[in-house]
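Here is the structure we will look at.
The values are calculated or read from the model by the stated rules, or taken from the named source; none is laboratory data. Note that this is a predicted model, so its numbers are computed, not measured. Backbone-built Cβ (ideal geometry, glycine too); neighbour counts: all protein chains shown.
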Amino acid sequence: MELKKINEYTWEIPKTGEMRVPALIYTSSKLLDNVKRDRTLLQARNVACLPGIQRTAYVMPDAHQGYGFPIGGVAAFDMDNGIISPGGVGYDINCGVRLLRTDYSERDIHEKRKQLLAEIFREVPAGVGKGGKTRLSRNVLLEVCTKGAEWAVENGYGTGDDLLRTEENGKMKGADSNCLSSRAIERGIPQLGTLGAGNHFLEIQKVSEIYDDRAAGAFGIHSRDQILVMIHCGSRGLGHQVASDYIRFMENKFGTRGLPDRELINAPIRSPLGEKYYKTMSAAVNFAFANRQMIAHWVRQVFKKVLGSSEGMDQVYDVCHNVAKFEKHKINGELKEVCIHRKGATRSFGPGREEIPAVYRSVGQPVIIPGSMGTSSYILVGTEEAERLSFGSTAHGAGRLMSRHEARRRFRGEKIKQDMEHKGIELMSTSWKGVAEEASGAYKDVDEVVRVSHEAGIGKLVAKVVPVGVMKG
Amino acid sequence: MEKYRFFEHTADAKFQAYGATLEEAFTNAALATVTLMWDWKKIEKKIERKVEVEGKDLKQLLAIFLEEILYLLDSKNFLTGAAEKVRVKQEGSRYVLKALFKGDIYSDKYEIYGDVKAITYNEMKIEDRNGFMVQVVVDM
């Protein structure tokens, strides 16, 4: 496949064959070597062939091979002639990250950090096979999926201010819970308010560097060693079932002939099935917003119990990194509504966009990029340039480098815990093998990922944070 | 005969499962899927769950069959320890699969180390060459 270097941080797959648009990859020579080793580029080219695709298919710096669409893929489709694809959103619908700030500094919590983590581990259900703390009725679950984080706030989990600082204010308005299959509902009922497992985690972090004082100040981040809490999880089995259901409905309806990959299955946005997928996916997005809202509430309760106060534990922001949305973007010089798919990519809107909270409108949207377990995470800010460069999108994490199987062969959970403790990081997990699978050595270098984002201009560095305590699901 | 084997896949997990018959290969695919989350040999086989699923082709049937493990896990906290009596029949234009899962409800004595989110069609293969081979990539 031809790959043309545009500049230090941008490569292009020129439009050839059945491609309707070119594909652009934001990467560095170092990261590109990894990307070339799997099917990422081939998958990006496949996406560029889909009907109604606009401008360019984009690939983010942390990209790796997915199924159908690459992980770290961004594509926008014309509302009238374009498609919507469950594979372009991913199975973990609204997998995302929530960040809480605190007024505590590292030395305030140092003595009690073990206790803090242990209490969080007890309060926030995690792992697989166990349900959450509440068993909902079917009707309540449907209400959760209609109202999202708003439902959680109405029921005593957090505050209205949290909603203002959540993408979509914590609720996709287009959601229709009645479209959820009974299987999706049954998988969702026991799982509301659970962290899950795999790459999902909850971290107590401290600020280690501030690169942009103005944006950091706006986000409530003001000094080194300030304590933050990061929550990374999604819509659990409910969202996974929605994705599987609609892949099936679409292939039954439209067949898979002519598709280079069965997971690229899609429906016209304006078709009944396309519209129904959007409504159901939105219901799953809302489930995930409510999920993170509840977990954030429990974290605040633990801080209050252990340290005496949860004052000042405001939400910085909550971003989703697996989603399809209708947004307005400039295409051929005109502002136009498109259906944008971000699969393993974070929205990174710059100053002025009406979608971002009023408090951030002068600086841009907070972008939260979790690193791999035990390494740094980053807070970035969206840019105006990003709208031109990537439909306002940037990376979503470190991106895997090594299979879980290989990671389990190479690393031992117990050893990782020791090494982290050596560095002053507490770790609690439901499984040692699970810890080994998530070893930081199995991931790309998140420092390089955010550097590329910054240099390419699709999301600018604001602060670097490092973990103090890690809870892995 | 080898039941299943895992292969490198960056984000997810890829395996091949083998069998003298299609049914045996499907059975072993169920065990391979389970192996990504817990050790099926260690699960007490004390609860039975009847499984009946259908698909428009064999690949869809395989995906829906394996998805049943995830559905039972999430909705009933059921840990599959064995898949028995797997039967595949063609009925008109559809394929029907019946099976019996044996296992236990989750408790602290079991270690769950992975979370399979979904069964994908990515690189899925079902081949019959002197015995059956099915290849599956699951999303983790």
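Things worth noting here:
- Residues (basic (Lys, Arg) and part of a helix (DSSP H, G or I)) located in segment A:246-297: A:Arg248, A:Lys253, A:Arg262, A:Lys276, A:Lys279, A:Arg292
- Looking only at segment B:57-113, and only at residues there that are of a type in the set (Ser, Thr, Tyr) and more than 13 Å from the chain's Cα centre (by Cα), the one that is farthest from the other protein chains (Cβ to nearest Cβ): B:Tyr95
- Count of segment A:377-419 residues which are crowded, with 22+ Cβ neighbours inside 10 Å and within 30 Å of A:Asp162 (Cβ to Cβ): 18
- Sole residue being surrounded by 23 or more Cβ atoms within 10 Å (Cβ to Cβ) and modelled with pLDDT under 95, chosen from A:Gly96, A:Gly66, A:Gly72: A:Gly66
- Subset of segment B:1-31 (residues that are surrounded by 23 or more Cβ atoms within 10 Å (Cβ to Cβ) and of a type in the set (A, V, I, L, M)): B:Ala13, B:Ala17, B:Ala25, B:Ala29, B:Ala30
Yes or no, residue by residue, for (1) within 14 Å of chain B (Cβ to nearest Cβ); (2) more than 26 Å from A:Leu31 (Cα to Cα):
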{"site": "A:Tyr360", "(1), (2)": "no, yes"}
{"site": "A:Leu380", "(1), (2)": "no, no"}
{"site": "A:Glu384", "(1), (2)": "no, no"}
{"site": "A:Thr394", "(1), (2)": "no, no"}
{"site": "A:Ala407", "(1), (2)": "yes, no"}
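- Residues in segment A:193-227 that are without any contact (Cβ under 8 Å) to a residue 12 or more places away in the chain and within 13 Å of chain B (Cβ to nearest Cβ): none.
- The residue that is farthest from the chain's Cα centre (by Cα), among those in segment B:43-56 that are within 13 Å of another protein chain (Cβ to nearest Cβ) and either of a type outside the set (A, V, I, L, M) or under 17 Å from B:Lys98 (Cα atoms) (or both), is B:Lys56.
- Number of the exception - A:Met230 against (1) closer than 22 Å to A:His321 by Cα; (2) at the interface with chain B (Cβ under 8 Å from one of its Cβ atoms): (2)
- Restricting attention to segment A:153-200, the residues that are in contact with a Lys or Arg (Cβ under 6 Å, 6 or more places away or on another chain), modelled with pLDDT of 95 or more and either on the phi > 0 side of the Ramachandran plot or among the acidic types (Asp, Glu) (or both) total 1.
- Boolean, A:Ile93 is within 16 Å of the chain's Cα centre (by Cα), within 12 Å of another protein chain (Cβ to nearest Cβ), among the aliphatic types (A, V, I, L, M) and assigned to a strand (DSSP E or B): no
- When we screen A:Arg122, A:Arg107, A:Arg113 for residues that are without any contact (Cβ under 8 Å) to a residue 12 or more places away in the chain and either crowded, with 20+ Cβ neighbours inside 10 Å or over 24 Å from the mean Cα position of the chain (by Cα) (or both), the only hit is A:Arg122.
- Matching residues in segment A:240-252 - criterion: being within 11 Å of chain B (Cβ to nearest Cβ) and either surrounded by fewer than 23 Cβ atoms within 10 Å (Cβ to Cβ) or within 19 Å of A:Gly73 (Cα to Cα) (or both): A:His240, A:Ala243, A:Asp245, A:Ile247, A:Arg248, A:Glu251, A:Asn252
- Filter pass, B:Glu111 being touching a residue at least 60 places away in the same chain (Cβ under 8 Å) and at positive phi: no
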